Amino acid sequence: MSTPNERLNEIVKDMNDLELAEIIDFAEFINNKKQKAFDEAFKNVQETDESISDKELESIQEAKDSGSISYKEMWNDYDEV
C-alpha cells in the first residue's frame, strides 16, 4: 500500500503545467478553507472566568518556557514551506 505522498506523486507525474496549476490552486483553496475554519473557531470561543490552580499555573509557565508556538505562527510557518 502506498502513502498519500506516493499516490499524489504518481498521479501528477505526467500532468502538464496547466493541470498542475489547477491542482495547486485547489490545494491552496483547501488550506485556506481549513485556516479560516480554525480562525473562526478560535474567534468564537466563549471566554469564562474560572479559578486556576497552582498546578495549572505551573503547567502554563512550563508551556511558555517550552518554546511552543501559536496556531497563527504554525500557519505562517506552514505557508512558507
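Give the number of residues within the range 25-60 that are under 30 Å from K13 (Cα atoms) and surrounded by fewer than 11 Cβ atoms within 10 Å (Cβ to Cβ). Reasoning before the result, please.
The first filter runs over the range 25-60 and keeps only residues under 30 Å from K13 (Cα atoms), leaving 25-35.
If we keep only those that are surrounded by fewer than 11 Cβ atoms within 10 Å (Cβ to Cβ) as well, we get 25-26, 29-30, 33.
Count: 5.
Kindly check whether there is at least one residue in the range 61-73 that is loosely packed, with under 10 Cβ neighbours inside 10 Å and within 28 Å of I11 (Cβ to Cβ).
no
Let me spell it out: the conditions are (1) surrounded by fewer than 10 Cβ atoms within 10 Å (Cβ to Cβ); (2) closer than 26 Å to W75 by Cβ; (3) not polar (S, T, N, Q), and A21 meets all of them except one. Which number is the exception?
That leaves (1) as the condition not met.
Taken together, the values in this text are just the output of simple stated rules run on the coordinates, not laboratory data. This structure is a prediction, so every number in the text was calculated from the model and none was measured. Here the Cβ is made from the backbone with ideal geometry for all residues, glycine too, and neighbour counts use every protein chain on show.
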